[in-house]
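Here's the structure we're looking at; comments come further down.
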Amino acid sequence: MTEQAYLVLLALVDRPRHGYGIVQEVLALSAGSTRLGAGTLYGLLDRLCAEGLVEPSGDEVVDGRLRRYYRLTEAGAATVTAETARLRALTRRARLALGAAHAGRPALGGA
């Protein structure tokens, strides 16, 4: 899973959001390091919808413009939970490897 796809799923964990809301939440979750353009966002949403991880949850017109809202599906919630667990495990292994390297010992799996 790409970092951008993961952040989009995370942005939808607490509630449905429209495109601009997703962009803003991704920006906040990434501490400003990930800025999604419209093409990137809607390409990701199309893919995540096709994979059954996200689904449209309604539309509204605000100031004459259509806002489509998206929400996580059960599969999307399970996927973001599993990816978070995978990243936590990877972080633990990285800390062990870095700790071993800083202590002058070979890193995990190193010679």
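Considering only A31, L10, A50, and ranking their Cα positions along the charge dipole of region 3-100 that arises from unit charges at the beta-carbon of Lys, Arg, Asp and Glu, the one farthest toward the positive end is A31. Think of each Lys and Arg Cβ as +1 and each Asp and Glu Cβ as -1; about the Cα centre, that makes the dipole of region 3-100 roughly 480 debye.
With a ≥ b ≥ c taken as the square roots of the eigenvalues of the C-alpha gyration tensor of region 19-74, please select rounded if a/c is under 1.5 and otherwise prolate if a/b is larger than b/c or oblate if it is not? It is oblate, given that a/c is not under 1.5 and a/b is not larger than b/c. Springs between Cα atoms under 10 Å define the GNM used for the chain, and in it the highest mean-square fluctuation of A77, A97, A11 occurs at A97. Based on alpha-carbon atoms, the Kirkwood radius and the radius of gyration of region 3-100 give Rg/Rh equal to 1.06. Of all the options E60, E83, E25, the one that moves most in a Gaussian network model of the chain with Cα springs shorter than 10 angstrom is E60. Taking amide H positions as modeled 1.01 Å from N, with prolines and chain starts lacking one, the residues under 5 Å from V54 and 5 or more places away or on another chain are C49, T73.
For H18, the residues whose amide H sits under 5 Å from its own are Y70, ignoring neighbours fewer than 5 places away on the same chain, with H placed 1.01 Å from N.
For the residues T34, T73, T91, a GNM of the chain with alpha-carbon springs under 10 Å puts the largest fluctuation on T91.
Since every read-out is calculated from the coordinates, none of them should be taken as a lab result. Just so you know, these numbers come straight off a predicted model, no measurement behind them. Neighbour counts are summed over all protein chains in view; Cβ atoms, including those assigned to glycine, are modelled from backbone coordinates with ideal geometry.
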